[in-house]
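One structure below.
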Amino acid sequence: MLENPSFAFSFKAYSEKKKSYFILPKLGNINENGIYLTGELISFYDILRMTYFGGYLIITFKNYPLLGKRTASWKIDKNNALVIRSGMIKDIKRAFDIFISQNAEVTRRCGHCDNPINWDHQLETQYHYCNECHSISDKHGLLFSNGELFDICPETGYYDRLGYRRKYEYYFFDKKFHWKTTKYYGGDNLGIEFFHKNILKNLMFLIGVPGTLIEFYKANKGHHPDFTELAEANFASRCGELKEAADLYTKMQMRLPYFPALHYNLAIAYLQSNNEELARRYFQKSLEGCSNYEPTLKVLKYLSEKEG
Ligand SMILES: [Zn+2]
């Protein structure tokens with residue numbers, strides 16, 4: 001790794017409509033203080049993160065960055081970010097990561113996207129969470145759950161294996177015809193739900209049967225060896241079968257006692273059955289396993305706002 005990767009680059013800044021603010025590229029450079037764009041400094045202190053997406057480099061700021069006049073006019077206020085394009089965006093991000101990790105006292109590394117995670121003021125927990133790709137790695141940087149594969153299900157709120165799910169509804173029910181296939185992005189527990197909800201109804205015309213069976217098969221096959229009971233546990237919890245869910249989560253917790261997402265799911269299960277006290281206990285446990293686990297921190301913030 002380079003000790004001091006300072007260098008100059010040419011760049012263009014872009015509005016959120018992907019229009020450049022100027023025709024000819026301008027000059028910037030990066031060094032241990034921060035990034036200079038046309039001579040105006042953006043201090044590392046003011047940068048929350050850097051990500052690249054579709055050939056653009058997105059520089060997201062912490063709350064109120066100190067910016068020069070020109071730089072400030074390029075800032076996209078809605079996102080509190082600046083978007084630039086340059087032949088060297090990957091080098092810029094790499095240099096940024098190096099300088100940031102030099103400034104941070106303790107850094108951990110994401111096992112999936114290799115992003116450095118600032119671990120100052122964090123507890124010495126077994127796992128850490130990456131905000132960029134939503135993966136959980138252990139303290140040696142070994143990946144536990146792949147960010148693209150395992151995450152909080154956007155449909156049900158449980159940590160699960162994610163993918164595209166199809167719901168087949170081809171039946172007459174409740175005085176009306178249902179005749180459609182709907183696509184969702186969600187967890188295995190969603191595939192199981194579609195099966196239980198629709199398989200009998202679909203028997204009426206048979207058209208929806210094969211798809212429903214395939215989705216059920218997909219939701220149950222090839223489970224990660226540590227998470228074999230996960231989809232079933234989530235589904236039980238959603239059906240209000242708390243004891244069964246808790247037993248299944250406990251089984252997995254015996255294999256991975258500190259894994260934050262399992263405690264998180266159990267906490268969500270208790271929350272859904274209005275047992276906030278037990279929910280809080282398991283949210284706490286999830287932070288004991290991973291002190292920066294964002295899904296837990298978000299729910300706890302929500303709960304405290306609700307109270308306050
Ligand atoms: Zn990551």
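Observations on the model:
- Test result for SER237, touching a Pro at 6+ places or on another chain (Cβ under 6 Å), part of a helix (DSSP H, G or I) and surrounded by 19 or more Cβ atoms within 10 Å (Cβ to Cβ): no
- Tally, over the range 103-141, of residues that are open to solvent by 50 Å² or more (accessible area, probe 1.4 Å), of a type outside the set (Val, Ile, Thr) and farther than 21 Å from LYS285 by Cα: 8
- Residues that are in contact with a Ser or Thr (Cβ under 7 Å, 6 or more places away or on another chain) and aromatic (Phe, Trp, Tyr), drawn from the range 128-145: PHE144
- Figure legend. Inter-residue proximity from the range 126-139: first residues under 17 Å from ARG161 (Cα atoms), second residues among the aromatic types (Phe, Trp, Tyr) and more than 8 Å from the ligand (Cβ to nearest atom), beta-carbon distance below 7 Å, spacing 6+ or different chains. Indicated pairs: TYR129/TYR293; ILE136/TYR127; ILE136/TYR129; ILE136/PHE144; SER137/TYR127; SER137/PHE144.
- Any hit, the range 250-271, residues being in a loop (DSSP other than H, G, I, E, B) and either in the same structural domain as PHE194 (by TED's automatic domain parsing) or closer than 30 Å to PHE177 by Cα (or both): no
- All positions within the range 65-93 that are within 22 Å of ILE117 (Cα to Cα) and of a type outside the set (Val, Ile, Thr): PRO65, ASN79, ASN80, ALA81, LEU82, LYS90, ASP91, LYS93
- Checking GLY211, GLY157 one by one, the residue that is closer than 21 Å to TYR249 by Cβ and at pLDDT 95 or above is GLY157 and no other.
- Where GLN253 falls short, out of the listed (1) on the phi > 0 side of the Ramachandran plot; (2) open to solvent by less than 50 Å² (accessible area, probe 1.4 Å); (3) not hydrophobic (A, V, I, L, M, F, W, C): (1)
- Residues that are buried (at least 16 other Cβ atoms within 10 Å of the Cβ), outside the structural domain of HIS134 (by TED's automatic domain parsing), within 29 Å of the chain's Cα centre (by Cα) and over 27 Å from CYS133 (Cβ atoms) are absent from the range 155-162.
- All conditions but one from (1) out of contact with any strand residue (DSSP E or B) (no Cβ under 9 Å at 6 or more places or on another chain); (2) crowded, with 20+ Cβ neighbours inside 10 Å; (3) assigned by TED's automatic domain parsing to the domain that holds TYR293 apply to ILE192; the one that does not is (3).
- Any hit, the range 67-90, residues being within 23 Å of LYS139 (Cβ to Cβ) and either under 24 Å from the mean Cα position of the chain (by Cα) or of a type in the set (Phe, Trp, Tyr) (or both): no
- Qualifying residue in the range 82-89 (condition: in a strand (DSSP E or B) and either open to solvent by 80 Å² or more (accessible area, probe 1.4 Å) or within 16 Å of the ligand (Cβ to nearest atom) (or both)): yes
- Test: PHE173 is in contact with a helix residue (DSSP H, G or I) (Cβ under 7 Å, 6 or more places away or on another chain) and exposed (fewer than 14 other Cβ atoms within 10 Å of the Cβ): yes
- Flag if TYR270 is over 20 Å from the mean Cα position of the chain (by Cα), of a type outside the set (Asp, Glu) and open to solvent by 20 Å² or more (accessible area, probe 1.4 Å): yes
- Strands (runs of 3 or more DSSP E) within the range 94-198 that include 3 or more residues away from the ligand (no atom under 16 Å from the Cβ): 159-173, 176-187
The values are calculated or read from the model by the stated rules, or taken from the named source; none is laboratory data. Please read these numbers as outputs of a predicted model, since none were measured by experiment. Heads up, the Cβs are rebuilt from the backbone with ideal geometry, glycines too, and the neighbour counts pull from every protein chain shown. Accessible surface is based on the protein model in full, side chains and every heavy atom, while ligands, DNA and RNA are left aside. Shrake-Rupley method; radii C 1.70, N 1.55, O 1.52, S 1.80 Å.
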